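Below you'll find the structure, written out as structure tokens, and then a few comments.
Values quoted throughout were computed directly from the atomic coordinates according to the rules given, and no laboratory measurement underlies them. Source: prediction; values computed, not measured. Here the Cβ positions follow ideal geometry from the backbone for every residue, glycine too, while neighbour counts run over all protein chains shown.
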Amino acid sequence: MAETAFLKLPQRVYLGKGLLDDLGAFLKTRKNTNVLLFTDEGLLKAGLVQPLKDYLEENKIQYHIEAEIKPEPSYVQVDELFQKVSKFEFSTIIAIGGGSVMDAAKLISLLLHTKISVKDLINNPTKAQKHCATVFIPTTAGTGSEATINAIVSIPEKQVKFGIVSEAMLPDLVLLDVNNVKNLPKAILASSAIDALSHCIECFTAKNATIMSNGVALLGAKLIFKNVIQAYQNPSDIKAREALQLGAFYGGVAITASGTNIVHALSYPLGGKFHIAHGVANAILFKAGMETNKPAIKNRLAILCDNIWPEEGSKTTDEKADFVIDKIAQVVKDTEIPTDLRKFGVKNSDLNFLTNSALEQKRLLSHNMKKLSRADVLNVYKSVM
Ligand SMILES: NC(=O)c1ccc[n+]([C@@H]2O[C@H](COP(=O)([O-])OP(=O)(O)OC[C@H]3O[C@@H](n4cnc5c(N)ncnc54)[C@H](O)[C@@H]3O)[C@@H](O)[C@H]2O)c1
Ligand SMILES: [Zn+2]
């Protein structure tokens, strides 16, 4: 474990129901409150943006709404959208949505008043500076993007996804309002919750984990493990959904100091070439990734087991690690996420591309406890076909 420790955090985080007055209090602290209300079609259809619009109108706050972002956007789409919204005068972005909406909003906050493009940030993220205030309101269960310093875009010409990393992405305000995940469709709840669980467990077992990242990763893993099946099977269980929302936030905080690794590195080409949703790609790879890493991370998995399932305390380290890996597989099975890559059109002839592309994810693989060989990576893909 690294010797020094830090966490990077949003300025203010509120958790509860109906947090619009907290948003209003924040906007009052801003000299100029012209707002870009950034969301997507699904959120508009789900009726989640209307209360925000009503609030802004009642309080005579000027806003422009933009809802054209597509799920899992490419850098080209974000650049195009920026050209469109930059015509409006705004000093605050309120992003309400899942990771796709928040990531695009992060990038727009960095492009505003500059001549740089997302492609420039891909090539050199140190160019990033924040040029407006950001408020993030997550509606999935979730990516934790509201807390991370990453924005993920796909790079179509390379058929891969890519994470741009900059502290300038940390928001001024986060609102974790359970009302926004109350009616989240089951399939999106499942894939986003497993994404969040993979953030917590990959961060807890990463090479650069610290005592601080471990604290939040463990809190997040426990909340998600203990609530995900209940939230999936009983959509009316609001407490379980609230627990997932908080667990996802903790996973995002853990990423700021530790880092995702094997599962995310191998999932990026699956998203980039086969357009498999990020959470689904992670769910497919999760068990096989942990099994590959097990020789290097079994002590960490045993600590997770001791903390989350203390009743299993008499097991050996190996048995505890297997117990956690079995729990991961069970959660993926019980949330009915398909785990055969062939169902998504992946063929044996794609294995070479997938392996080479995953091995290019050097930033993520540098966090992996086990040094992965080409054969390790290839075998993970083979085992899920
Ligand atoms: N920046 C980060 O740290 C980070 C972390 C993990 C994932 N990501 C990225 O986030 C993206 C995935 O985000 P996601 O899983 O949150 O999904 P998403 O934002 O892509 O949304 C998926 C779909 O769910 C709909 N939706 C969202 N909330 C809803 C609600 N409450 N009710 C009804 N429909 C709703 C959206 O309209 C959309 O159609 C990927 O691009 C992934 O790479 C980023
Ligand atoms: Zn993720």
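For the ranges 293-304, 115-126, what's the packing order if you count other beta-carbon atoms within 10 Å of each residue, average per peptide, and put the highest first?
On the way: 293-304: 19.8, 115-126: 15.3.
Order by mean packing, descending: 293-304, 115-126.
Find how much the distance from Gln50 to Thr29 grows on full extension, using 0.36 nm per residue of separation minus their present alpha carbon separation; answer in nm with one decimal.
Numbers: separation 21, 0.36 × 21 = 7.56 nm, distance 2.34 nm.
My answer for the length gained is 5.2 nm.
Our note on the geometry: Cα centres of segment 2-62 and segment 120-145, 14 Å apart. Distance between the 7 Å Cα→Cβ label points at Asn299 and Gln129: 4.4 nm. Karplus-derived 3J(HN,Hα) values for segment 59-74, using 6.51 cos²θ - 1.76 cosθ + 1.60 with θ = phi - 60°, are 9, 6, 9, 5, 8, 10, 9, 10, 9, 8, 5, 9, x, 6, x, 8 Hz; glycine and proline are entered as x.
Here the Debye sum runs over all C-alpha atoms of segment 138-200 as equal scatterers in vacuum, and log10 of I(q)/I(0) at q = 0.17 Å⁻¹ comes out as -0.72. In the chain, helices alone account for a calculated mean residue ellipticity at 222 nm of -16500 deg cm²/dmol, with every DSSP H run of four or more residues adding -39,500 (n - 2.57).
Using unit Cβ charges (K, R positive; D, E negative) and no other charged atoms, how large, in debye to the nearest 20, is the dipole of the chain about its Cα centre?
Values: 44 positive and 39 negative charges, 132 e Å.
Result for the chain is approximately 640 debye, rounded to the nearest 20.
Coupling constants for segment 14-19 follow from the phi torsions by the Karplus curve (6.51 cos²θ - 1.76 cosθ + 1.60, θ = phi - 60°), and in residue order they are 10, 10, x, 10, x, 9 Hz; glycine and proline get x.
Extension gain Gln11-Lys182, at 0.36 nm per residue separation less the Cα-Cα distance, in nm?
On the way: separation 171, 0.36 × 171 = 61.56 nm, distance 2.56 nm.
The span from Gln11 to Lys182 would gain 59.0 nm if fully extended.
Reported to two decimal places, what Rg/Rh ratio describes segment 26-129 when computed on Cα atoms with Rh from the Kirkwood expression? Kindly include the intermediate steps, with their values, before the conclusion.
Working: Rg = 13.8 Å, Rh = 14.2 Å.
So for segment 26-129, dividing Rg by the Kirkwood Rh gives 0.97.
The fraction of all Cα pairs in segment 177-321 landing in successive 10 Å bins from 0 to the largest distance is 13, 40, 37, 11, 0, given as whole percents. If one computes the Cα centroid of segment 223-263 and of segment 97-114, what distance in Å separates the two points? If you average the Cα positions of each part, the centres end up 23 Å apart. Each eigenvalue of the Cα gyration tensor of the chain, multiplied by 5 and square-rooted, gives one semi-axis; in descending order these are 33, 23, 19 Å.
Counting only aspartates and glutamates at least 8 places from Lys298 when in the same chain, those with an alpha carbon closer than 20 Å to its own are Glu202, Asp306, Glu311, Glu312, Asp318, Glu319, Asp322, Asp326, Asp376.
Among the listed pairs Lys45/Lys186; Lys8/Lys130; Lys119/Lys294; Lys333/Lys371, give every one whose C-alpha distance is greater than 26 Å.
Numbers: Lys45/Lys186 16 Å; Lys8/Lys130 15 Å; Lys119/Lys294 36 Å; Lys333/Lys371 28 Å.
Among Lys45/Lys186; Lys8/Lys130; Lys119/Lys294; Lys333/Lys371, the Cα-Cα distance tops 26 Å for Lys119/Lys294; Lys333/Lys371.
How do 89-95, 51-57, 104-110 rank on mean C-beta neighbours within 10 Å, highest first?
Working: 89-95: 22.0, 51-57: 15.4, 104-110: 27.7.
Going by the mean number of other Cβ atoms within 10 Å, highest first, we get 104-110, 89-95, 51-57.
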